[in-house]
Every structure is written in C-alpha cells, then in structure tokens.
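Below is one structure, written out as structure tokens, with a few remarks after it.
None of the figures in this text is laboratory data; all of them are computed from the coordinates on show. Everything numeric in this text was worked out from a predicted model, so none of it was measured. Positions of Cβ are generated from backbone atoms using ideal geometry, with glycine treated the same way; all protein chains shown enter the neighbour counts.
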Amino acid sequence: MSLRKAGKPSPTRLQPPRERPLIERRVVPAPGAHRPRPPAIVALEVSKTYELGAIRVRALRDVSLQIERGDFVAIMGSSGSGKSTLMNILGCLDVPTSGRYLIDGVDVRELDEDDLSDLRNRKIGFVFQSFNLVARMTALANVELPLAYAGVERHTRRERARQALASVGMARRLQHQPNELSGGQQQRVAIARALVTNPTLILADEPTGNLDSRSTGEVLRIFAGLNEEGRTVVLITHEPDVAEQAKRVVQLSDGQVVDDHRTTALASSPPQLRAQKSARHAYGEASA
Ligand code: ADP
Ligand code: MG
C-alpha cells in the first residue's frame, strides 16, 4: 500500500530508492507483555583454553553458535577438534575462558554453582559414549538416581523411572544390572536416565561411538522421537551417517566452526521419521 496521497505528483527521485528503511523499526514489548522465547542456546565468541603447565591448548576458538528450540543439531569433527569441550560448556559442566553463553536466554555467568546444578538437573539430559551407568545397580535404580537427587519421593520416582525405561523399550529389563545388558541396552538405560527429569535439552556426546550398527539405529530412532516431541537435541559424533539423522550439521575443526548447514527444516520431523512417514504414505497409496 502506498502512503502517498492520490493525485499528488511523485517527487523526482535524485537517488535510487533505499531497499531498507533508514531506521529499522524495532518492536519493544511493553513490560509484562508476552515476549518470544529466546533460543535454547546462544554461544558468543566462546573460547576455552586449557593450561597444562607451560603448554596452552586452545580447545575452542571464538565459537559463536545459536540453536533454536526444537532443533536437532549434529556437531561433527575429528578427534581433538573440541567437540567434548563444547558440549561441556553447552551443558554448563564447564565455563568458557572467554565469551558468553546463554541457555534459554540466561547468561550462565549470572548463575552461581547452585543455580547451575539446578539448571542442569531441570533442563538438560546428558548421554555419553561410555553410558556412565552405576555398576551393581539395577536399570531401574540407575534411572531413579536423578530423581533421587532432585528429592522426588520414592514411589513417584520408581513410577517415572519405569515409564522412562518403557519409553526406550527396556520395560522388561528393569532389574538387570549394567553388566547383564548389551551395549545398546545400556545406552537405552542411559537415555532413560537422561529423560526421566523431562529435560528440554538433550546433549549426547558420541552416544553411538561404542555401538554396533543395529543399536546405533535404535538409539538414533529414540533421539528422533525425542526431537519430534519438541525437545532440542544436540548430538556429537564423528560419523557422517549418524550426523545425517540430524536437521542441521555443525562442523568443528581445530576448535572453530568451519561449516554449518541445515538439511531439514526446523519445524519438520527429523530425517529418519520423515523417511518412515513417506514410506508409510507410499505403502498406503500402493495398497489402496
Ligand atoms: P573432541 O571431543 O573433539 O575429541 P576435546 O574437546 O576432547 O575434543 O579436546 C579438544 C582439545 O583440548 C584436544 O587437544 C584435547 O587434548 C584438549 N583437552 C581436552 N580436555 C582437556 C583437559 N581437561 N585438559 C587439557 N587439555 C584438554
Ligand atoms: Mg570427545
């Protein structure tokens, strides 16, 4: 719509028209008004340097990264490229040497150790390559642990742990100890433990690194399902076929982001589920 009044001659243009307004309009929300939710993760020029005596290792160098809620991001890179260092910072297990890190819009520098551990317990589920289950404790007891730390009452704790284990297909292995389970089953217990607190962010560091291809497929299906439920998933891997299951792939090399590309729209289902859906669709059409 033109703001110029009809009939008024147009002024002679001395300059080409501006493509953008001279002054950007910024919507300033009124106090108390609903504001859009901030990204799940914002890292701004994050660096991490380890000091080993006289040797300084620059594990991360000015990494800036924004991850939206509901995204499924693979972080790739060869061994030593800084992936675990980045995950430790994203998970508030470690702090940057310089730069800023905001989780859900909160700058972690403003939080003390208690706030940080509270935030980790409430918002983040961790999954590691080596499962990190407690030996000589049953699957059920392992999954109950985070709830026990959070002070959840025993009966509720047990029930939620049961549900989490059922959701990863482990309902019939509640009383097994880690050494009585396969690698893939142990990882599913570890995922149940990560889920039982209902976190919005799942951080997984090479979760399929110790698994065979079948268990890798199962674990990736579980992550895809968690993302489909609206959780943000950050998956660290050095395997390209694992990274293909994410919606976006960030490549680290020598502590820097060297590539960042999206393969699947943020609002879409993760690739594996999309493939399943379209296969079902095709089958439905063929058999109709
Ligand atoms: P990745 O997970 O990609 O293999 P890391 O983040 O573990 O990489 O390591 C990045 C670099 O930082 C490597 O050179 C590694 O040796 C070094 N590094 C990692 N953790 C420490 C530490 N706690 N102390 C000293 N150096 C470390
Ligand atoms: Mg690592």
P(r) over all Cα-Cα pairs of the range 129-288, 10 Å bins from 0 to the longest distance, whole percent per bin, short to long, reads 10, 35, 32, 18, 5, 0
How about K83: which aspartates and glutamates have a C-alpha closer than 12 Å to its C-alpha, ignoring those fewer than 8 places off in the same chain?
D205, E206, D254
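Which value, in debye to the nearest 20, gives the size of the charge dipole of the range 41-280 about its Cα centre, when Lys and Arg are +1 and Asp and Glu are -1 at the Cβ? If you can, show how the numbers build up before the last one.
Numbers: 30 positive and 30 negative charges, 190 e Å.
So the dipole magnitude of the range 41-280 works out to roughly 920 debye.
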State to the nearest 20 debye the size of the charge dipole of the range 198-248 about its Cα centre, where the only charges are +1 on K and R beta carbons and -1 on D and E beta carbons.
200 debye
By the scheme Lys and Arg +1, Asp and Glu -1, what is the net charge of all other residues having a beta-carbon under 10 Å from that of R61?
-1
Residue of K247, K123, K277 that the Gaussian network model of the chain assigns the largest fluctuation, springs spanning Cα pairs under 10 Å
K277
Name the aspartates and glutamates eligible as straight-distance cross-link partners of K277: C-alpha to C-alpha under 18 Å, and not fewer than 8 places from it in the same chain.
E218, E228, E229, E244, E285
Convex hull projection area averaged over all views, the chain, Cα basis, nm²
26.0 nm²
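Relative contact order of the chain: what whole-number percent is it, with Cα pairs under 8 angstrom and at least 6 residues apart?
On the way: 491 pairs, mean separation 65.4, N = 288.
Here the relative contact order equals 23 percent.
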Computed E for D115/H261 - FRET, C-beta separation, R0 51 angstrom, nearest 0.05
0.90
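Calculated from DSSP H runs of 4 or more alone, at -39500 (n - 2.57) each and per residue, what is the 222 nm mean residue ellipticity of the chain, nearest 500?
Details: 8 runs with 94 residues, N = 288.
For the chain, the value works out to -10000 deg cm²/dmol.
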